[in-house]
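Single-structure report; data block below.
What follows is calculated from the coordinates using simple rules that are stated; it is not laboratory data. Note that this is a predicted model, so its numbers are computed, not measured. Cβ coordinates were reconstructed from backbone atoms using ideal geometry, including for glycine residues, and neighbour counts include every protein chain displayed.
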Amino acid sequence: MHLAGAFFEKYSALVAEQLLQGIGERVRQRRQERGWTLADLAARSGLSLRFVGQLERGQANISVSRLADVADALDARLGWLVDPGPGSAAAPAWIALLGVRGAGKSTIGQNLAAHLGVPFIELDRLIEDEAGLSMTELFSIHGEHYYREVEYRVLGKMLDTPGPGVIATGGSLVTHPESWSLLRSRSRTVWLKAEAKDHWNRVLAQGDDRPMRSSSNAFEQLQALLSARTPLYREAEVTINTSGRHPDEIVERLAVVVGQPTLGYAKA
């Protein structure tokens with residue numbers, strides 16, 4: 001099986017697992033509101049005590065007809081057990097992190113995904129899987145135009161997969177109008193803004209001195225890149241300044257912002 005195909009199959013299984021966990025949490029919430037024991041719910045729904053316990057733990061792959069019996073017993077809408085709808089505590093849709101290298105997309109993305117209990121995906125890794133090449137090989141063999149084609153195709157497949165999840169995008173995605181438009185229309189976009197010196201220091205702290213080895217004026221080139229892309233990054237739904245902030249603080253701020261049904265402000 002193709003690597004990208006294997007990823008989406010694995011991700012679909014994860015989505016199904018999260019759906020069952022959400023159903024289990026709402027069943028338990030409703031049961032406890034009524035002051036019932038697991039045995040009470042089992043008796044009222046006609047299901048076994050063991051199965052009801054598995055259902056509340058998100059471990060029971062329940063049929064629609066059986067879930068309807070549980071909903072009737074709890075005097076709840078079947079649809080609510082499956083999807084509580086807007087304004088609930090359900091996780092938000094896709095969250096896409098933007099920024100040039102050193103913005104903290106991987107670090108913040110992994111921590112935010114863990115905080116929200118959703119998957120974390122690095123878009124460039126999916127592009128490599130789809131192309132069967134590393135980024136270096138992809139650009140050297142096929143060039144940027146091919147990269148953009150693969151990027152757009154993989155991004156579309158990713159966003160067609162039911163969320164939620166956190167995506168770390170490539171730093172240059174905003175310069176490709178088709179991919180940038182697609183991402184903005186299908187996800188909550190977050191620009192992880194930082195000063196040029198912070199981008200630079202974070203890259204060096206990762207043990208990567210390639211910028212300095214490749215050019216004597218690499219820092220000036222970074223400043224120019226940030227300046228050129230800033231108008232595009234500003235189109236993101238949320239901007240959060242990461243300079244001088246600990247990753248935990250950034251994650252906490254973002255978790256509050258993206259947890260809202262709609263965003264009432266553009267900066268965090």
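Observations on the structure shown:
- Qualifying residues in region 219-254 (those that are of a type in the set (A, V, I, L, M) and without any contact (Cβ under 8 Å) to a residue 12 or more places away in the chain) - the one surrounded by the most Cβ atoms within 10 Å (Cβ to Cβ): A224
- Test: S65 is loosely packed, with under 13 Cβ neighbours inside 10 Å and not acidic (D, E): yes
- Counting only residues that are small (G, A, S) and under 15 Å from E144 (Cβ atoms), region 169-189 holds 4 of them.
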